[in-house]
There are 2 protein chains.
Amino acid sequence: MLTIKKPTLLLNTDICRSNIQAMAKKAREHKVIFRPHFKTHQSAEIGEWFREEGVTAITVSSVSMAQYFANHGWKDITIAFPVNLLEIDEINQLASYINVHLLIESEETARFLKERLTAECGFFIKIDTGYHRTGIAPSNVSLINKVLQAAESPNLQFEGFLTHSGNAYHANDREELIRIQQTATENLLRLKKHFHLHPHSIISVGDTPSCCQLPVAPGIDEIRPGNFVFFDVMQFALGSCKLEDIAVALVCPVVAIHPNRQEAIIYGGAVHLSKEQTLLPADPDPIYGLAVNWNGKSWDTFTLLGKVRSLSQEHGILSLTQAGCNLKPGELVAVLPVHSCLTANLMRKYMTLDGDKIESMNS
Amino acid sequence: MLTIKKPTLLLNTDICRSNIQAMAKKAREHKVIFRPHFKTHQSAEIGEWFREEGVTAITVSSVSMAQYFANHGWKDITIAFPVNLLEIDEINQLASYINVHLLIESEETARFLKERLTAECGFFIKIDTGYHRTGIAPSNVSLINKVLQAAESPNLQFEGFLTHSGNAYHANDREELIRIQQTATENLLRLKKHFHLHPHSIISVGDTPSCCQLPVAPGIDEIRPGNFVFFDVMQFALGSCKLEDIAVALVCPVVAIHPNRQEAIIYGGAVHLSKEQTLLPADPDPIYGLAVNWNGKSWDTFTLLGKVRSLSQEHGILSLTQAGCNLKPGELVAVLPVHSCLTANLMRKYMTLDGDKIESMNS
């Protein structure tokens, strides 16, 4: 039995390793580079489980995260975020001893890097294939040309086109997800063909829903999913995983029960789970997590005890199922988070089912 | 000029101290106990600024936070959260050397405490005056009686009735806010009168909107606002403060510009600001923050540069105003957060405009 007194992020290492193995196998079968995004777990120790699957190249979302993983022996890192020009010294320092890959989407950034980089970096041109967060429209070949010209420098090696199809998270069904993947792939392949002067350029895609639910599209060279390492209720709602594939759960004390409205108050709020919400099929109201049974040693997903309907700073309100109505103050429940990346970031460390602590870069 | 390279939470100490002074003055003028909630700043150093205003009693939202502030010399702490029975040892340890006040809302919890407390604690009965998060309905006098009977013990001193009118955050106008305050006050006063056998019992209320926008209602003995120390865009939208009263801003690098859709991408996402959103008057779409000018030394609220419309883990999308359209990658903007409590919790420490670091319990 684990001694848990306050909100604690539990990690089922078997599920986690199995998720890693499944994605590594899929990448091998499709003969694509597997460059997992480490922003979800942000942990050197969990990173080692990827290494055991043969992973040598990774993706991160900040220079700080690149520094952390470089310090833990990773020598090939894509910083999948528009270059933060203010961190040029840190980028130069990193590029002096590991392989750094940057994302460029403007001439200004290309010119700045050409002038200020003191060590060789690879770079991708970030393409916006429909998410409309960042990147150059695939039709804007003239801008891509200008960026490539502005980036002509011995310190900047063009490596290809990269996209993150975040719009996959808004696909209403499998058909829409397939269309999103097809559009992205076609656009990237057209660009790769157009810019044929760069024969070693590759195409890199990333989102967990497509990587989990669909075969890797022909022509794709690299996949960069991240969230699959833990999964979460959002991925469950999207159809990327089963509930039993979710590798993390926030174990929370029950502190009050309101039988008249079938609610329980848990010690577990926005500072633990994050305010990210999602919709479940056939339920019009958003949720912040799903509470399941915690038996003192592990959680199981056989019985839903309640839905987290509301979060304040430290409180969560559980809307109880019939099975949850037996809960009492002083008992514990396991909450499957809506967005494991944000929950892991807030909680900063993990406890395994054996009671061992696993640190992250935020510990 | 401050050197800022990545998202950094700046604190304007003049504004912060002025906010503290204004609330302390209001409490003095209304002759009520000022027991500020420290969950917003979670910082021993900022706590000292309250002490300079004569504050000796505080509110916190967890046993861990009580331990932190007790370690920093606070000797009178209300833990404004339903008692977490699993932390009874920690509560006993705290109560052995400082004055601890607990919130009880069930017979089970009262019986448990009667049996397990080894040192004297004060307790309030938590009343639900309309927020429907926690607490006993004010009409449920029979349950209150049972709780008081179950709590009869030398280690449990009844101190009165306490509410948090979180529904004040949903008031559509000043009239509704007044009605919410009146309902809460009338209910608490009726209970105080009914349970006249406890002559020293007090009435304690808490929310920042009422404490800022309205006079303290006659009969109230204690106020426990917290957020006012920093304020934020949510309090601005509610009418509790002016934009220039907001004491914290997240300074963020601009990393990409998309002129065709008048958007900028900032390095500043859900792991910095939190996913809390709010609505501004006459704008149908929720925002996650307001970007204003940062001149390298301070921010000002004269010119709005953009609204944060979307957040992913590290990215924020700014919808730019005309004034914001001149922004370039490598420049900095100051983002006024929607919910300063959650932003401060995520960022864990502050930088003053003089470049000094201020630590919190999460640093």
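The values are calculated or read from the model by the stated rules, or taken from the named source; none is laboratory data. Because the structure is predicted, anything quoted here is derived from the model rather than measured. Cβ sites come from the backbone with ideal geometry, for glycine too, and all protein chains shown count toward neighbours.
The residues of region B:226-266 that are outside any helix (DSSP H, G or I), within 14 Å of chain A (Cβ to nearest Cβ) and within 17 Å of B:Phe38 (Cα to Cα), listed by number, are B:Gly226, B:Phe230, B:Asp232. When you check A:Pro36 against the structure, is it crowded, with 22+ Cβ neighbours inside 10 Å, within 12 Å of another protein chain (Cβ to nearest Cβ) and not hydrophobic (A, V, I, L, M, F, W, C), yes or no? No, not satisfied.
Counting only helices (runs of 4 or more DSSP H) that sit completely within region B:115-223, those holding 2 or more residues that are farther than 28 Å from B:Lys25 by Cα and at pLDDT 90 or above correspond to B:141-150, B:174-194.
Cβ separations smaller than 6 Å between residues 6+ apart or across chains give no pair from region B:1-29 residues that are not assigned by TED's automatic domain parsing to the domain that holds B:Thr208 to residues that are at pLDDT below 95. Out of the residues in region B:83-97 meeting the condition of being of a type in the set (Val, Ile, Thr) and crowded, with 20+ Cβ neighbours inside 10 Å, tell me which one is nearest to the other protein chains (Cβ to nearest Cβ). Per the stated criteria, the residue is B:Val83. Screening B:Lys275 on (1) modelled with pLDDT of 95 or more; (2) assigned to a loop (DSSP other than H, G, I, E, B); (3) surrounded by fewer than 20 Cβ atoms within 10 Å (Cβ to Cβ) shows it passes everything except condition (3).
Under 18 Å from B:Arg35 (Cβ atoms) and either in contact (Cβ under 8 Å) with a residue 12 or more places away in the chain or surrounded by fewer than 16 Cβ atoms within 10 Å (Cβ to Cβ) (or both), is that true of B:Ala168?
yes
Checked against the criterion of being closer than 18 Å to A:Gly73 by Cα and more than 14 Å from every other protein chain (Cβ to nearest Cβ), region A:7-20 contains not a single residue that satisfies it.
Within region B:283-325, the set of residues being within 13 Å of chain A (Cβ to nearest Cβ) and either of a type in the set (Gly, Ala, Ser) or not in a strand (DSSP E or B) (or both) comprises B:Pro286, B:Tyr288, B:Gly296, B:Ser310, B:Ser312, B:Gln313, B:Glu314, B:Gly316, B:Ser319.
Looking only at region A:344-363, filter to residues that are surrounded by fewer than 24 Cβ atoms within 10 Å (Cβ to Cβ) and among the hydroxyl-bearing types (Ser, Thr, Tyr); which one of those is nearest to B:Ser363 (Cα to Cα)? Step by step, filter region A:344-363, then rank; the result is A:Ser363. I need a count of the residues in region A:98-127 that are of a type in the set (D, E, K, R), in contact with a helix residue (DSSP H, G or I) (Cβ under 9 Å, 6 or more places away or on another chain) and surrounded by 19 or more Cβ atoms within 10 Å (Cβ to Cβ). So the count comes out to 1.
Can you name every residue in region A:64-82 that is buried (at least 22 other Cβ atoms within 10 Å of the Cβ), within 10 Å of another protein chain (Cβ to nearest Cβ) and more than 16 Å from the chain's Cα centre (by Cα)? Listed by number, the list holds a single entry, A:Pro82.
Beta carbons closer than 6 Å, at least 6 apart along the sequence or on distinct chains, never pair a first residue in region A:133-154 that is within 12 Å of chain B (Cβ to nearest Cβ) and farther than 21 Å from B:His315 by Cβ with a second that is at pLDDT 95 or above and in a helix (DSSP H, G or I).
Residues in region B:253-279 that are on the phi < 0 side of the Ramachandran plot and under 20 Å from the mean Cα position of the chain (by Cα): B:Ala270, B:Val271, B:His272, B:Leu273, B:Lys275, B:Glu276, B:Gln277, B:Thr278, B:Leu279. Residues in region B:326-363 that are over 27 Å from B:Gly73 (Cβ atoms), within 12 Å of chain A (Cβ to nearest Cβ) and not β-branched (Val, Ile, Thr): B:Leu327, B:Lys328, B:Pro329, B:Gly330, B:Glu331, B:Leu332, B:His339.
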